[in-house]
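Let me begin by presenting the structure, written as structure tokens, before commenting on it.
Any read-out appearing in this document is the output of simple, stated calculations on the displayed coordinates, not a laboratory observation. Just so we're clear, the structure is a prediction, and the values are computed from it rather than from any experiment. Reconstructed Cβ throughout: ideal geometry from the backbone, glycine too, with neighbour counts over all protein chains shown.
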Amino acid sequence: MPDDVVSLFSDTGTQPTAAMRAAMAAAEVGDEQEGQDPTVNRLQERVAGLLGTESALWFPSGTMCNLVAVKLHTQPGDVVIAEAQAHVVRAESGGAALASGVLVETIRTARGIFTAAELEAAFDRVHTVPAPWGAPAGLICVEQTHNLGGGSVWPLDALAAVADCARGRGVPVHMDGARLLNASTASGVPPAAFAAAVDSVWIDFTKGLGAPIGAVLAGSSAFIRRARRYKQLFGGGMRQAGIAAAGCLHALDHHVERLAVDHAHARLLARGLDAVDGIRLRSPEPETNIVFFDARGLGMSNAEFLDRLAASGVRMSSIGGWIRAVTHLDVSRADIDRVITAIRDIAHSS
Ligand SMILES: *Cc1c(COP(=O)(O)O)cnc(C)c1O
């Protein structure tokens with residue numbers, strides 16, 4: 001295998017840049033558990049400003065933001081309604097069930113985005129049998145962008161319609177905004193406009209933003225006050241976390257506008273793949289930085305295709321029967337050209 005690997009495995013695999021490391025090394029720090037880390041405090045204010053919320057709270061991971069948000073919005077025995085392939089359902093090791101004792105009602109969609117009518121139908125399923133026998137719906141979760149849906153973007157009007165439907169039932173909406181800034185970059189809708197439609201939201205700094213540690217949960221002052229307790233309870237209180245938060249502030253200054261470059265690279269990759277006989281794209285045009293495709297038309301399994309690709313120095317992942325390629329900070333235009341060439345070579349020799 002070549003030394004120089006192009007990894008499209010995930011946008012979580014980025015190396016902090018030299019400038020980011022310098023900002024981290026120079027960070028002013030204090031005790032984060034005491035609320036006295038100045039860099040963490042600056043990041044929280046910055047994110048609350050960006051998302052237009054009253055308050056925001058630093059977390060070590062996005063998974064913990066979901067864990068705490070579900071805990072705060074629900075009572076044990078409540079039903080959480082989420083898309084069937086949502087991260088909170090499929091990829092958090094059952095945390096919502098363990099920590100919050102909730103049931104999950106899923107909505108199956110092609111791309112991760114559901115309509116108000118589909119949410120109404122889910123409410124009807126949950127309430128098939130009335131209280132006190134039926135468990136009440138306690139929370140709606142949406143994912144922006146939807147990872148396993150193909151990095152798909154909730155349009156603002158679709159989100160608003162779902163939020164109206166939830167409000168009509170008196171049920172809050174939580175947004176897993178791991179890639180919210182990708183959604184804003186792709187749609188031109190400011191992150192605060194998406195955030196205004198929901199009751200709580202978080203963004204991840206370890207995806208396209210390229211920082212090594214950190215996520216920030218945002219919402220009302222009362223919500224964030226309660227979130228502090230559960231962050232501590234779940235072991236998320238940190239000490240001199242400003243070292244990590246400085247990387248996140250650096251990312252907000254330097255790595256947001258460039259998300260458009262990742263999206264252009266994903267489109268370029270998709271066009272290159274589409275031109276190869278035997279490769280089938282799951283959707284014709286990636287909306288953000290995630291491309292799903294199937295290589296079985298080349299006469300080999302996706303696993304064999306991934307092995308052959310790895311032998312030519314390109315990494316991708318296999319998820320839900322598809323191959324997933326994710327563009328990010330450490331992938332250049334030349335890397336995309338190299339990936340397309342490697343795939344053409346595999347196709348020609350198959
Ligand atoms: C990565 C991811 C998470 C979890 O974030 P971590 O910071 O890795 O814990 C949650 N939701 C979505 C959609 C993600 O892609």
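Report yes if residue 47 is touching an Asp or Glu at 6+ places or on another chain (Cβ under 8 Å) and surrounded by 13 or more Cβ atoms within 10 Å (Cβ to Cβ), otherwise no. Spelling it out, it is not the case that residue 47 is touching an Asp or Glu at 6+ places or on another chain (Cβ under 8 Å) and surrounded by 13 or more Cβ atoms within 10 Å (Cβ to Cβ). In the range 122-136, what residues are in a helix (DSSP H, G or I) and surrounded by fewer than 16 Cβ atoms within 10 Å (Cβ to Cβ)? Matches in the range 122-136: 124, 125.
In this structure, residue 140 does satisfy being buried (at least 19 other Cβ atoms within 10 Å of the Cβ) and either more than 30 Å from residue 40 (Cβ to Cβ) or away from the ligand (no atom under 15 Å from the Cβ) (or both).
When the range 73-88 is filtered for residues that are hydrophobic (A, V, I, L, M, F, W, C) and surrounded by fewer than 21 Cβ atoms within 10 Å (Cβ to Cβ), only 84 remains. Among the residues of the range 137-161, the ones that are assigned to a loop (DSSP other than H, G, I, E, B) and either among the small types (Gly, Ala, Ser) or over 12 Å from residue 292 (Cα atoms) (or both) come to 8 in all.
Among the residues of the range 252-283, which ones are more than 22 Å from residue 187 (Cβ to Cβ), hydrophobic (A, V, I, L, M, F, W, C) and buried (at least 17 other Cβ atoms within 10 Å of the Cβ)? Of everything in the range 252-283, those that are more than 22 Å from residue 187 (Cβ to Cβ), hydrophobic (A, V, I, L, M, F, W, C) and buried (at least 17 other Cβ atoms within 10 Å of the Cβ) turn out to be 273, 276, 279. All conditions but one from (1) in contact with a Phe, Trp or Tyr (Cβ under 8 Å, 6 or more places away or on another chain); (2) farther than 29 Å from residue 251 by Cβ apply to residue 124; the one that does not is (1).
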